[in-house]
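The values are calculated or read from the model by the stated rules, or taken from the named source; none is laboratory data. All of these numbers come straight from a predicted model, not from anything done at the bench. Cβ coordinates were reconstructed from backbone atoms using ideal geometry, including for glycine residues, and neighbour counts include every protein chain displayed. Heavy atoms of the whole protein, side chains included, go into the accessibility calculation; ligands, DNA and RNA do not. Shrake-Rupley method; radii C 1.70, N 1.55, O 1.52, S 1.80 Å.
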Amino acid sequence: MNFAGLQKRAKNTEKNDKGKFKKKKRFGKSLANKAPSMLLTIIDRKLGYYGEKLIEINTLEAKASQFNHFDRTYTKKTLSQRWDDFNGIRIQRDLYSAFLIMNISDDLKNFNMDKCNERFENFYRLHNIEVGRLTGKKNLSSIAI
């Protein structure tokens, strides 16, 4: 991801419904506090100790949070939509994105449909176990549990 792009302030000055100006702030301070880019650098360095390398996918082309491997379509979702519904199969969006990224093709732009179909049943079983374990815990509003 482009972390620097997330830090930039909004260019347009807008007003809210009450006539007050909206803040132009973005994610600068929270990105500085959490430092995702530094985390990736540390992980890559530690993988280097074992002769491995961090592999970065092309997030602009892969779009894991929008992809549906059942019908191979992309559907844009709002940030507040935390669950995907695939014909009655409810899956937490971030966990499903991680599943798709785990099954990325060698070109790091597309998903390997054979791997997705082969591994989905086990993923869904583990997903339901983990969601059941986390249900009722505090501070999990970010994943809507």
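Non-local amide H neighbours of Asn112 (under 5 Å, H modeled in plane, Pro and chain starts lacking H): which ones?
Amide H to amide H, under 5 Å and 5 or more residues apart or across chains, Asn112 pairs with Ile104, Ser105.
Quote the accessible area belonging to Ile101 in square angstrom, nearest 10, computed with a 1.4 Å probe and with ligands, DNA and RNA left uncounted.
Approximately 70 Å² for this residue.
For segment 48-62, take each phi angle, set θ = phi - 60°, evaluate the Karplus expression 6.51 cos²θ - 1.76 cosθ + 1.60, and give the result in whole Hz per residue in order, putting x for glycine and proline.
The phi angles translate into x, 4, 9, x, 9, 9, 6, 9, 9, 7, 7, 5, 6, 9, 6 Hz.
Which of the pairs Lys76/Lys109; Lys46/Lys77; Lys22/Lys77; Lys53/Lys109; Lys115/Lys137; Lys63/Lys137 have their Cα atoms more than 25 Å apart in this structure? List each step's numbers first, then the result.
Values: Lys76/Lys109 17 Å; Lys46/Lys77 35 Å; Lys22/Lys77 23 Å; Lys53/Lys109 18 Å; Lys115/Lys137 32 Å; Lys63/Lys137 29 Å.
Where the Cα-Cα span goes over 25 Å, the pairs concerned are Lys46/Lys77; Lys115/Lys137; Lys63/Lys137.
Cα-based Rg of segment 50-143 per 2.2 N^0.38 Å, rounded to two decimals? Provide the component values of the computation, followed by the final result.
On the way: Rg = 14.2 Å, N = 94, 2.2 N^0.38 = 12.4 Å.
In units of the 2.2 N^0.38 Å rule of thumb, it is 1.15.
Can you give me the solvent accessible area of Ile104 with a 1.4 Å probe, rounded to the nearest 10 Å²?
30 Å²
Using r as the Cβ-Cβ distance of Ser37 and Asp114, and R0 as 35 Å, what FRET efficiency do you calculate, to the nearest 0.05?
Numbers: r = 33 Å, r/R0 = 0.95.
For Ser37 and Asp114, the calculated efficiency is 0.60.
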